[in-house]
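Novice: If you scroll down you'll find the structure; I have some questions about it.
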Amino acid sequence: MNLLVTGGAGFIGSNLIRHIIDKPEISKLINLDCLTYAGHLENLEGIHGNHPRYIFEKVDLRDKSEVLRVINQHDITHVMHLAAETHVDRSIAGPGDFITTNINGSFHLLEACRDAWEKQKEDRGELKFLHVSTDEIFGSLGDSGSFTESSPYAPNSPYAASKAASDMLARSYHHTYGLPVVITHCSNNYGPYQYPEKLIPVVIQSILARREIPVYGDGLNVRDWLHVDDHCAALWLVLNQGRAGQTYNIGGHNEMANLYLVQRICDLVDEIQPALDGHSRDLITAVPDRLGHDRRYSVDASKMQRELGWKLAHAPESALRSTVQWYLQNQSWATSMKVGV
């Protein structure tokens, strides 16, 4: 397996590389990342520049010729495509990068694989293109029910729309050209190395700085929270056992209102680091709701469990505690991330 991971210097990508780099199936792992504001090689300390199977390519997916070069030069047989612009607020403020990276970049990668793999038809062996997507492409749920693999697409933000478009491209390359594509949709990830513009690290850093913790609207928007290590384990399963042309949902079975999650983080920080003055819950501040803010997400991951035998390994309460502890113990990393750049 000559494996290409795109976006490997980001949050999920770096955790994925840590999770799989020593798998015996892998001959070499190429990390393709253009190192935007959210991609940092510090996330791969101990691997980047030190592991014999690991190769880094600083390449922008929007550069079609460079993407093709990487696929050919490294004789890529498997792809785990995670590279994307992901922050909903940024997509609302400026959707352009989301269109060019998430749609055009995915197109360039699909085309490069189609070109390279078509030339190897006679003796190419097993190939797989895993397109990693999000539950946000499904839009918003009511008070009951969960997204399944057959739920209709109804994206409500430019970010979600760009991911939905790239999903459709990936799907079309399987059905039109026979490219061995499989697609996953995950719920909200959390864990180490998450860029501190996302909710959980924002809350922790706000508490430590004793500044207001912003919560959109009434705080009752619900998300399904998935520990990044459980997501990485699922992605590895799908890459190896998922059926081409299929879609798999990956969820944490851990629905929580944003306000409750923020309150729980406040309590954990106060418990773990009691030297802080005052009660952290007092910092919670309602701010105007996000434009087009989806009310509820819930992901049905029963297909993953039934067909691939995937199981969650991280209990929600202990995983949230360990995540808070990681950020408290790694403040040098957290404070080195320049949010807003």
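Novice: For a quick protection proxy, order the peptides 111-120, 142-151 by their average other-Cβ count within 10 Å, most packed first. Intermediate results must be reported in sequence, preceding the final value.
Specialist: Values: 111-120: 17.0, 142-151: 13.4.
By packing density, highest mean first, the sequence is 111-120, 142-151.
Novice: Same structure, new question: Which whole number in µm²/s is D for region 229-300 by Stokes-Einstein, with the Kirkwood Rh taken over Cα pairs at 10 °C and 1.306 mPa s?
Specialist: On the way: Rh = 16.0 Å.
Estimated via Stokes-Einstein, D reaches 99 µm²/s.
Novice: Another one. Quick one: in region 1-109, what % of C-alpha pairs are over 17 Å apart? It would help to have the intermediate numbers written out before the result.
Specialist: Details: 2978 of 5886 pairs.
I get 51 percent for the Cα pairs in region 1-109 exceeding 17 Å.
Novice: Most mobile of Ser140, Ser162, Ser65 per a Gaussian network model of the chain (Cα springs, under 10 Å)?
Specialist: Evaluated over the chain, the most mobile residue of the options is Ser65.
Novice: Could I ask something else about it? Based on other C-beta atoms within 10 Å, arrange Cys186, Cys266 from fewest to most.
Specialist: Numbers: Cys186 25, Cys266 22.
With the fewest neighbours first, Cys186, Cys266 line up as Cys266, Cys186.
Novice: Could you identify which residue out of Leu16, Leu130, Leu169 has the top mean-square fluctuation in a GNM of the chain using Cα springs shorter than 10 Å?
Specialist: In this elastic network of the chain, the residue with the biggest mean-square fluctuation among Leu16, Leu130, Leu169 is Leu169.
Novice: For the pairs Lys128/Lys303; Lys28/Lys64; Lys23/Lys163, note any where the Cα-Cα span goes beyond 26 Å.
Specialist: In this structure, Lys23/Lys163 lie more than 26 Å apart at Cα.
Novice: OK, next. Calculate how many DSSP beta bridges within the chain are antiparallel, expressed in % of all such bridges and rounded to the nearest 5. Kindly include the intermediate steps, with their values, before the conclusion.
Specialist: Working: 3 of 39 bridges.
Once the DSSP bridges in the chain are tallied, antiparallel ones form about 10 percent.
Novice: Quick check on the chain: helices-only [θ] at 222 nm, where DSSP H runs of length 4 and up contribute -39,500 (n - 2.57) each and the sum goes over total residues. Nearest 500, please.
Specialist: Numbers: 11 runs with 126 residues, N = 341.
My calculation for the chain gives -11500 deg cm²/dmol from helical runs alone.
Novice: Using R₀ = 30 Å, calculate the FRET efficiency as 1/(1 + (r/R₀)^6) where r is the Cβ-Cβ separation of Glu317 and Glu149; round to 0.05. Before the final figure, lay out the partial values.
Specialist: Details: r = 28 Å, r/R0 = 0.95.
Calculated transfer efficiency: 0.60.
Novice: Next question, about the same structure. Need the full-extension length gain, Asp267 to Gln325, defined as separation in residues times 0.36 nm minus the C-alpha distance. One decimal, nm.
Specialist: Values: separation 58, 0.36 × 58 = 20.88 nm, distance 1.24 nm.
Once the chain is fully extended between Asp267 and Gln325, it gains 19.6 nm.
Novice: Evaluate the distance, in nm, between pseudo-label points positioned 7 Å from the Cα of Arg295 and of Leu308 along their respective Cα→Cβ axes.
Specialist: Each label point lies 7 Å from its Cα, and together they span 3.1 nm.
Novice: Could you pull out every residue, at least 5 positions away or on a different chain, whose amide H is within less than 5 Å of the one on Ile284? Hs are placed 1.01 Å off N in the peptide plane, and Pro or chain starts have none.
Specialist: Ile213
Novice: Pull up all non-local amide H partners of Gln246: gap of 5 or more, or a different chain, and H-to-H distance under 5 Å with H placed in the peptide plane.
Specialist: Placed amide hydrogens put Ile183 under 5 Å from Gln246.
Novice: In what sequence, highest mean first, do 269-277, 5-13 appear when ranked by Cβ atoms within 10 angstrom? Don't jump to the answer; show the numbers that get you there.
Specialist: Details: 269-277: 11.7, 5-13: 26.3.
Descending packing order for the listed peptides: 5-13, 269-277.
Novice: Continuing with the same structure: Could you tell me how many degrees, from 0 to 90 and to the nearest 10, lie between the Cα long axis of helix 316-329 and the main elongation axis, the longest principal axis, of the Cα atoms of the chain?
Specialist: 80 degrees
Novice: If packing is taken as the average number of other Cβ atoms within 10 Å across a peptide's residues, how do 317-329, 224-236 rank, most packed first? Numbers along the way, then the final one.
Specialist: Values: 317-329: 17.5, 224-236: 22.9.
Going from most to least packed, we get 224-236, 317-329.
Novice: Hey, got the Cα dimensions of the chain along the principal axes, in Å, largest first?
Specialist: Reported extents, whole Å, longest axis first: 68, 45, 39.
Novice: Could you tell me how many degrees, from 0 to 90 and to the nearest 10, lie between the Cα long axis of helix 106-118 and the main elongation axis, the longest principal axis, of the Cα atoms of the chain?
Specialist: Tilt of helix 106-118: around 30 degrees.
Novice: Quick one: helix 199-209 against the long Cα principal axis of the chain, what's the angle to the nearest 10°, folded into 0 to 90?
Specialist: So the inclination is approximately 40 degrees.
Novice: Next question, about the same structure. Around Phe56, which amide H atoms from residues at least 5 apart in sequence, or from another chain, sit under 5 Å from its own amide H, with H modelled in the peptide plane?
Specialist: Here Asn31 satisfy the definition.
Novice: Ok, one more. What's the extension gain from Arg281 to Ile55 if we count 0.36 nm per residue and subtract their Cα-Cα distance?
Specialist: Numbers: separation 226, 0.36 × 226 = 81.36 nm, distance 4.44 nm.
Value of the extension gain: 76.9 nm.
Novice: Here is a follow-up. Using a Förster distance of 30 angstrom, determine the FRET efficiency expected from the C-beta separation of Arg62 and Ile26, and round it to 0.05. Don't jump to the answer; show the numbers that get you there.
Specialist: On the way: r = 27 Å, r/R0 = 0.90.
Using R0 = 30 Å, I get an efficiency of 0.65.
FYI, it's all coordinate maths here, none of it is from the lab. Because the structure is predicted, anything quoted here is derived from the model rather than measured. All Cβ positions, even for glycine, are placed from backbone atoms using ideal geometry, and neighbour counts span all protein chains on display.
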